[in-house]
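Single-structure report; data block below.
The values are calculated or read from the model by the stated rules, or taken from the named source; none is laboratory data. In this text the structure is predicted, and so the values were computed from the model without any measurement. Every residue, glycine among them, receives a Cβ derived from its backbone with ideal geometry; neighbour counts consider all protein chains shown.
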């Protein structure tokens, strides 16, 4: 059962990546009447996306047989800045992103106290036709266990290839593949559907954030659903030796987490929104899959999240 659950999480989260769905928006100008949806174009002197997010999770536990790590909290910080200039071949995505997980246990615990990544974002949003949009993105960077862990051994290049097929402005199908050399299954599929089935209701069942949305007005959106996260890292060369298990030296570890909760998106302006979210974490794994060492969630943990997103 645990193996099946882990496989589902990997298929949905890792293959989908952070988000491979191409953003779409309904046209309202008369010159665009022949198309219901298309890539979003910015009117700013140069277009960009900025996202900053902070999550705090309360005390939780993980265990492996008779071994366990108890009563630790989690802090997760994400920031990205991506330029999105429009070119003849589509919308380029060029930027940088960083994320840091910090856990509240000792530095000698059998799992890393910090997981950190800093990477470039190199991607392209384009279209094969009016109804078929695609995204290619590579995130070359460093995925280790410390803020300054920028060695050759922590370098990795996760890749996402995804697409959106637009049946109408109310119904789209999303699909894709994700590649990550550090994880147990390097290539995995993903996908989902977005269905606006009523004027104020949308089923946005697309990994990694499937959810049901209610939009009472143009400034406020309420939602309930899940946030499926999984990223692979490499620990230090002496990580295992310091903990009595040399097999873990320089090992790859995949951190998997599923958050289930509800929240709201509040549009501060047409280009900026503030997000608030809260709920529970029912699933969390620290998986050294190449050495058959895995610490899994024992019980749940509450969490709260605050994020600011801007797109100009």
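In table form, for the structure just shown:
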| item | result |
| --- | --- |
| Residues located in segment 224-249, provided they are surrounded by 14 or more Cβ atoms within 10 Å (Cβ to Cβ) and touching a helix residue (DSSP H, G or I) at 6+ places or on another chain (Cβ under 7 Å) | 228, 229, 230, 234, 235, 239, 240, 248, 249 |
| Test set (1) assigned to a strand (DSSP E or B); (2) crowded, with 17+ Cβ neighbours inside 10 Å; (3) more than 14 Å from the chain's Cα centre (by Cα); (4) touching a residue at least 12 places away in the same chain (Cβ under 8 Å) - residue 183 fails condition number | (1) |
| Hey, residue 309 on the phi > 0 side of the Ramachandran plot and either in a strand (DSSP E or B) or touching a helix residue (DSSP H, G or I) at 6+ places or on another chain (Cβ under 8 Å) (or both) or not | no |
| Tally, over segment 212-223, of residues that are in a strand (DSSP E or B), surrounded by fewer than 19 Cβ atoms within 10 Å (Cβ to Cβ) and in contact (Cβ under 8 Å) with a residue 12 or more places away in the chain | 7 |
| Residue within segment 189-208 that is in contact with a helix residue (DSSP H, G or I) (Cβ under 6 Å, 6 or more places away or on another chain) and assigned to a strand (DSSP E or B) present | yes |
| Residue match in segment 85-97 (condition: surrounded by fewer than 16 Cβ atoms within 10 Å (Cβ to Cβ), under 15 Å from the mean Cα position of the chain (by Cα) and free of Cβ contacts under 8 Å to residues at least 40 places away in the same chain) | yes |
| Checklist (1) loosely packed, with under 14 Cβ neighbours inside 10 Å; (2) assigned to a strand (DSSP E or B) applied to residue 286, failing item | (1) |
| Qualifying residue in segment 226-239 (condition: part of a strand (DSSP E or B), over 23 Å from residue 116 (Cβ atoms) and within 27 Å of the chain's Cα centre (by Cα)) | yes |
| Cβ-Cβ under 9 Å pairs, at least 6 apart or on other chains, segment 167-180 side at positive phi and surrounded by fewer than 17 Cβ atoms within 10 Å (Cβ to Cβ), far side part of a strand (DSSP E or B) and at pLDDT 95 or above | none |
| Strands (runs of 3 or more DSSP E) wholly inside segment 20-82 containing at least 3 residues that are within 21 Å of the chain's Cα centre (by Cα), modelled with pLDDT of 95 or more and under 25 Å from residue 125 (Cβ atoms) | 48-64 |
